[in-house]
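One structure is given here, and the rest of the page talks about it.
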Amino acid sequence: MSFRDFLADRIGFIVIYWINVGLIAAVVQLDLLGKNVSLDGSNIAYMAVLSAAGLASFLLLDYIRQRGYFQGLRSLKQSGLTGRKPKAMEGVISLPTGVTREQRSAVELLLELYGAYTDRLEKHRVSQDQFQTFVRLWVHQMKTQVSVIGLLTEQPHAAPKEAPQRPVGVVLESIQEENEKLRQGLDMMLHTARLEKFEADLRMQKVDLLQAVRHVINEHKKACIRYRIYPKLIASHEACYIDTDDKWLGIILHQIVSNAIKYSKSKHDGSKSLIVTITKDSNGCHAVFQDEGIGIAEQDLPRVFDPFFTGENGRLVAESTGMGLFVAKEACRRLGHRLEIESKLGEGTIVRLHFPRSGALHEGLLPLK
């Protein structure tokens, strides 16, 4: 800010100052007139000169005192006008703190805004990095499934005539299995992308948890039969209504059940069970999924909800992406639900879903983070 601009911002103060000087001179003149004495022109001029010198000295010293703050603003503005926007934002940190309370408040506000801007920028960068990593991983896995389907379809033509051929039904079943993996991979990609605009596709309503679990189990009926997994649903009530988004609830339940199947099918010691228990109390509804799969290593449990983390099981199951539980946990957090996991390697896994009682979200008992 130039000295001219500095004076222009204080023009009201200068006008009021001279008005007050004139009023003081008028009061003195009126008092002297009562004594048959008056101020002459030289006295009035002397008063004006002294007042002007005092006012000019004050304004000049005040401008010098605040010049560092004005220069900081000018350099910050110039760096922004030359197209170096990120550098201009970083320049807020080096901005002088100011000498007046108003300036200090403005600088504090700028620093707070800059902090919020950098936090949001970092979150966006991390989100973009995660999504790009997931895209690369997803493309690699989809290529695997496509290659397997290609080999299965070429098998009858490539095999020698004297070589035994697999029955058509077995080949089609294998193709169907690989196609199911493709579909799950596509769904996971869509769910991960939708997390970015979670609120735009959210519709809270009352949903029967028992019916939702039944529906998800029926969707996985063929996979359960194929891998000799026998689901069992135990409910303490005929219905258990919760406040949630039915679409996201289906995604969460699908991820839990598909994980139970995925990590149970590799155990070849006969049939396995998947027990789902649904209860209701004064705190809300609770769903517990207990499988007899390969379990999770103790050192991996604290990180199972981290994106892209597959742990020891990721080395045993090729289709593990490390994103399923991350999406489920993030959806639960935004919906106000709670997702917990406990497991023991070689013995199975227990997943617990806790839903607050109906209306608790609206009362603010479970605020979203």
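None of the figures in this text is laboratory data; all of them are computed from the coordinates on show. Treat the numbers as computed from the prediction; the structure is a model and nothing was measured. No Cβ is skipped: glycine too gets one built from the backbone with ideal geometry, and neighbour counts run over all protein chains shown.
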**Prompt:** Can you give the translational diffusion coefficient of the stretch 203-369 in µm²/s, computed by Stokes-Einstein from the Kirkwood radius over Cα pairs at 20 °C and 1.002 mPa s?
**Reply:** 132 µm²/s
**Asked** What percent do you get for the relative contact order of the stretch 203-369 when only Cα pairs under 8 Å and 6+ apart count?
**Response** 23 percent
**Message:** Strictly over 26 Å apart at the Cα level, which of K232/K265; K206/K329; K181/K247; K197/K344; K123/K280; K181/K280 would you flag in this model?
**Reply:** K197/K344; K123/K280; K181/K280
**Request:** Mind ranking 188-196, 116-124, 287-295 by how tightly packed they are, going by the mean number of other C-beta atoms within 10 angstrom, highest first?
**Result:** 287-295, 188-196, 116-124
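Please say if the stretch 218-261 is rounded, prolate or oblate, where rounded means a/c under 1.5 for a ≥ b ≥ c the square roots of the C-alpha gyration tensor eigenvalues, and otherwise the choice is prolate for a/b larger than b/c and oblate otherwise?
Oblate, because a/c is 1.5 or more while a/b does not exceed b/c.
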**Item:** the stretch 3-99 pair-distance distribution - Cα-Cα, 10 Å bins, rounded %
**Value:** 13, 29, 22, 15, 11, 7, 3, 0
